Every structure is written in C-alpha cells, then in structure tokens.
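The values are calculated or read from the model by the stated rules, or taken from the named source; none is laboratory data. Just so we're clear, the structure is a prediction, and the values are computed from it rather than from any experiment. No Cβ is skipped: glycine too gets one built from the backbone with ideal geometry, and neighbour counts run over all protein chains shown.
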Amino acid sequence: MATKSTSNRIFNFTGYTFIAILSVLSVIPFIMIISSSVTAERSILRYGYSLIPREFSGQAYAKIFGFPDDVFKAYGITIYNTVAGTILGLFLTAMTAYVLSRKHFAWRNKFSFFFYFTTLFSGGIVPWYILCVRFLHFKDMPLIAQVVPYLFSVFNIIIVKSFMQAIPDAITESAKIDGAGDFRIFIQLIFPLSKPVLASIALFIAIGYWNDWYLSFMFVQKSSYFSLQFYLYKILSAAEALNRIQSLSGNYVGEMPKENVKMAMAVIATGPIILLYPFLQKYFVKGLTIGAVKG
Amino acid sequence: MKSSNGTFFLKLKKYKTLLLMLTPAIIFFIVFSYLPMFGVVIAFQRYTFDGGIFHSPWIGLENFKFLFMAGDILSVTRNTLLYNVLFIIVNNVLEITCAIVLAELSNKYFKRISQSMMFLPYFISWVVVGAFTYNVLNYESGAINTLLKSMNLEAFDFYNKPGIWILIIVLVCAWKSFGYGTIIYLSAVMGIDGEMYDAAEIDGANIFQRIRRITLPSLVPTVVILVLLSMGNIFRGDFSMFYQVTGNNPMLYSSTDVIDTYVTRSLMTSPEFGMTAAAGLYQSVLCFAIIMAFNYLVKRYDKDYSLF
C-alpha cells in the first residue's frame, strides 16, 4: 500500500504541475497582448513586451477611437457576416440534415454521398475562384461574397444528421397521423428537439465567420467592406512591410502603426470572443463530444 | 422501363417537400463544389481572361510540364508532408498525455479551469496569432530579442533563418489546437469501462500500471482512427495558418511554403491561371489517392470506422 500512495503522490504532483504549466502557456499570449495594448509606446520599444505593463497608458485605445469610423465599419461588416451567416447557415444545415435523417426517404444515401463526395475530391481553388469572380460576380457583391461560401459544411451536416437520427420515430409518427407534413414536423418538432446540437453548431459557425479574413482577402476590393480580421491584417501587414524595408535599407520610411496600437486592435478584434467564451464554452465542448461519437 | 419511370415520378411526388427542402444544399454544392470540379479542365488550357473556360486554347500537359520543371512544386509538397507528419505526432502525443493526466486528477475546479484555459487559443483568429508571433520574434522590438539584448546577448534574426520556422510553426499549431484534441481524447478516456479500474485497484495496481495496462490499450482504437483520418489530409496545409504565422515573408518560403500557400499566392499574383490550376489539380489528385488508400486501411482495421 505504501508504494501505491507514493506513486499516486508522484503522479498527482507531476500531473498538476504539467497541466498548470500548459494552461498558463495557453493564456500567456493573451495577457501579453492585453498588457501591451495598455502600455506606453516608449516602454515597449525600450523593454519589449511584458506581462504587466511597466508604464500604463490608454493612448492606443484613445488613438483608435479618435478615428473610430474604420474600426466601426469593419465591426459592422463582421457583425453582419456573423449574424447573417449563422442564422442562414444554421437553418439550412438543420434542414438538410433533417431530410437526410428521414428513414422513409429512399434517396437519402444517394444524396448523402452526393454531399460527402465534395470532401473527397475538389477542383482546387483556381476554378472555384474563377467561378466566384467571373460568373457569380462576387467582387461586386461584398455582402454576399463574405457570407455565402461558408453556408454549408458537410461535417456540420453529418453531426446534426446523426443527432436527428437518434430522435425516436414515435415522436414524429404521432404528428404524421395528425396530418403534419415533412416541413411542419421539421419546424415544430425536430428543430426544437435538436437544440443541444444546434447550439454547438451555431457557435462553431459564428466563430468561423467572426474569425474569417480569407473571403475579404479573396473578394473584397473596397476597404469599407473589409471584415474586422482582414482590417486588422491590413494594418499589421503594412506595419511589417514598412519595418522590413526599414531594416533592410536602414532608412526611415515613414510612420508606422505603433506597437501598442496594433495590440489594441488585436484586443478589439478578439474582445467579444474572450468576453463570451466563459458562458459559451460548455456548448462548444458538448458539440465536440457529440461530433466525436462518429465524426 | 416504363414502370421504373413511373415509380420514379411517383417517388418524386411523394418526396416533393423533402426534395424542396434539400434544394438549397443541392444548388450550393453543385455551384461551389461540382462546377469547379469540371473547371479543372483549365489545367489543360492556356487560360486567358478573354477566352475564359470555353474558348481558351488546349495545350495538353504543358502546364504540368512547366510546373514540375520550375521545381517549386516538389519542395512545397515536401514541406506540406513534413509539417503534417510533425503535426500529427506532436499534437497527438500532447493531447493524449493531457487527456490521461486530466482524467486521473481529482480536483474538479482545477480540471474545469485548466481545460477552459487550454481550449481558449482554438477560438482566436490566425490574424491575431500571426500578430502575436511577429511581436514575440521580430528583430527590433520582439519579446525574445529585447530579452536577449537586456542580457547583453546578440539579437537573433528569426525572419532570416528559415530552418527554425519548422519548430516555430509546429509549436504554434500545437498551442492553438491541443485543447481541442485533448477534449476529444478526454471523452474517449471517460468512456472506458470503470470496472476495469476497480478490478485493477483491488489487485493492487498503482496509477502508472493502470495507465499503461488499461488506459493506453483502451485508447488505441481512437488513436488509430484519428491518426488515419488526419493522414487523409496529409497533402493539405491550413492556408490561414501558414500565411499569417509567417506573415507571407518571402525570406521564409524555402521552409514554410506549403501547397496551399503556393497555389493561393500564384492565383493572386501570377497571370498563369492554367499552371496554378494544374498545381491545384495535382494536390486534389494526391489527396484523393491518399484518402482512398487510408480508407482502405481503416476498413481493414475496423469496418465501423471507415468513411464509406
């Protein structure tokens, strides 16, 4: 018995230490970003980034919100993308999954494979890009171009479908006897019953839209339609390019965004996720474990 | 013939509502997935903007010939493969270790809080991750270099040393995704029959023996399936990750350029659409072949887990 408790103690000590270190390492970057966004610029330049601000300054935020138009516009675009994409995407995913989960639908396997095959083989990004730009004119429709391409994901459809398949037939049978059609059964019964899985899927869809910079990068030409992440990327990459030229040539090439301003932008772009995270995290975890049963 | 047509139309009528509900998805996947599949023909054309897909001249395999003669495609393929193998090894080892340790620890609050902390990076955009990487590593004011300078050591120019980026990208990828994988493995560990542990305890097994003799062997199926599934994507790279973490820095292409960044960059900068499409098709065919191969392996291992 003595050896057993010793080994337990060893395991617990190393285990707690190991997990604690990893947890701290996971959040340190966030602390550093937040801390440097409220640090005075000269302190960053002299001492570099630190975990606790050496010299507190709200200057970076004052500067960003001194000319708030661009930031607010980007925020508006991202909020629009996220809300429109999540509502539409969730409804369409659920509706598609519902049809594929109906046992009396004899063609369900054929259609499932029709969707599934797109994950096995793709034409690559070039034909996709040409189609979007030349035939769908996405470059002229930034509000559509930044929402539509992510509306469906085969992976999400499969997760929702397997959840709906597990709902007992008895529930829908009685509705059917009462004369309810397939669409009504979906809206009034299956959709509400699938709330647990739909909540998680909605969160993952929303995070995808919120964090997206790629569709702006591909299709958006006017800066007033840039999504928040792409706007942030533009600021950062301009600064890095200037910095690179400066260090190669040794010449001063112009004023670049200050370090603390860049970090404040990163905080502003990530803020809502961090704020909502503690409340929503359990839905994410639930979604993952539902999906893990059979991805 | 007539009767089968008859039942077809009967079914069409019977499934009217269901088919109508399926229509948005069908249109979506035809437009965004199936039409581009036919669009691969431009890989065999000298694509011009005026000619478009229907009137550009056919040139057979010329695009592929130039693609492989230019040589870049082989090095980016090698990079893609190398990174994915490293990701699979590093991430899985880290995730399995964390899951096993978390499952054995008893403090509920510690477990919940640490899991939340480890899962957080998963929700951050690659743009922000890229910004952070740059601020830690850059030559003038990066955190590491200011630290080195404060100790009177010479600053290290990360953006001039392509080799070290293999390590950096593997670390960044692990940092961002290991919380996610840990949760998946943790749910697998929790699914192990508790009676086995009780029996082992009665037999006097200590915690290390329990992990080695019960937990690890019970996890093998999950590990095999997850690893085999990720093998299917071994020729795909996460464009956002590679593009943002390196800041698309040309100095680092030799060790950080993967097929996806190579293709996307060519698409945005080069007028040779045909050749870029050829590179994309080359990747799709590689992926398809490898998925087929690994699906065959999964099927042999356990039929229930095969993809189709």
Check every one of the helices (runs of 4 or more DSSP H) wholly within the stretch A:1-113 and list those with 3 or more residues that are farther than 30 Å from B:LYS111 by Cα and among the small types (Gly, Ala, Ser). A:59-66, A:68-101
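Return yes or no: is A:PHE115 free of Cβ contacts under 8 Å to residues at least 12 places away in the same chain and either closer than 22 Å to B:MET37 by Cα or not assigned by TED's automatic domain parsing to the domain that holds A:SER227 (or both)?
In short, no.
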Quick check on the stretch A:123-132: of everything there that is more than 12 Å from B:GLY52 (Cα to Cα) and modelled with pLDDT of 90 or more, which residue is farthest from the other protein chains (Cβ to nearest Cβ)? A:CYS132
Would you mention how many residues in the stretch B:8-33 are of a type outside the set (S, T, N, Q) and surrounded by 16 or more Cβ atoms within 10 Å (Cβ to Cβ)? 11
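Does the stretch B:125-142 hold any residues that are part of a helix (DSSP H, G or I) and buried (at least 21 other Cβ atoms within 10 Å of the Cβ), and which are they?
Residues satisfying the conditions are B:TRP126, B:VAL127, B:VAL128, B:VAL129, B:GLY130, B:ALA131, B:PHE132, B:THR133, B:TYR134, B:ASN135.
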Take B:TYR185 and tell me if it is within 13 Å of another protein chain (Cβ to nearest Cβ) and aromatic (Phe, Trp, Tyr). yes
Just to check your reading of the model, which residue among B:ILE168, B:ILE144, B:ILE124, B:ILE164 is within 18 Å of A:SER35 (Cα to Cα), out of contact with any strand residue (DSSP E or B) (no Cβ under 8 Å at 6 or more places or on another chain) and at pLDDT 90 or above? B:ILE124
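Scan A:PRO127, A:PRO68, A:PRO142 and give me the residue that is buried (at least 17 other Cβ atoms within 10 Å of the Cβ), closer than 30 Å to B:PHE132 by Cβ and not β-branched (Val, Ile, Thr). Quick ask: steps written out before the conclusion?
Working: A:PRO127 fails: closer than 30 Å to B:PHE132 by Cβ; A:PRO68 fails: buried (at least 17 other Cβ atoms within 10 Å of the Cβ).
Step by step, each of A:PRO127, A:PRO68, A:PRO142 is checked, and only A:PRO142 is buried (at least 17 other Cβ atoms within 10 Å of the Cβ), closer than 30 Å to B:PHE132 by Cβ and not β-branched (Val, Ile, Thr).
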List every residue pair whose Cβ atoms lie under 9 Å apart, where the two residues are 6 or more positions apart in sequence or sit on different chains, the first residue falls within the stretch B:139-154 and is at positive phi, and the second residue, located anywhere, is surrounded by fewer than 17 Cβ atoms within 10 Å (Cβ to Cβ) and at pLDDT below 80. none
Can you tell me which of B:VAL258, B:VAL285 is of a type outside the set (Ser, Thr, Tyr), in contact (Cβ under 8 Å) with a residue 60 or more places away in the chain and either under 27 Å from B:LEU228 (Cβ atoms) or at the interface with chain A (Cβ under 8 Å from one of its Cβ atoms) (or both)? B:VAL258
Could you tell me which numbered condition B:LEU94 fails, if it satisfies all but one of (1) of a type in the set (A, V, I, L, M); (2) outside any helix (DSSP H, G or I); (3) over 30 Å from A:MET265 (Cβ atoms)? (2)
Residue check: is B:PHE273 under 14 Å from A:PRO127 (Cβ atoms), within 8 Å of chain A (Cβ to nearest Cβ) and modelled with pLDDT under 90? yes
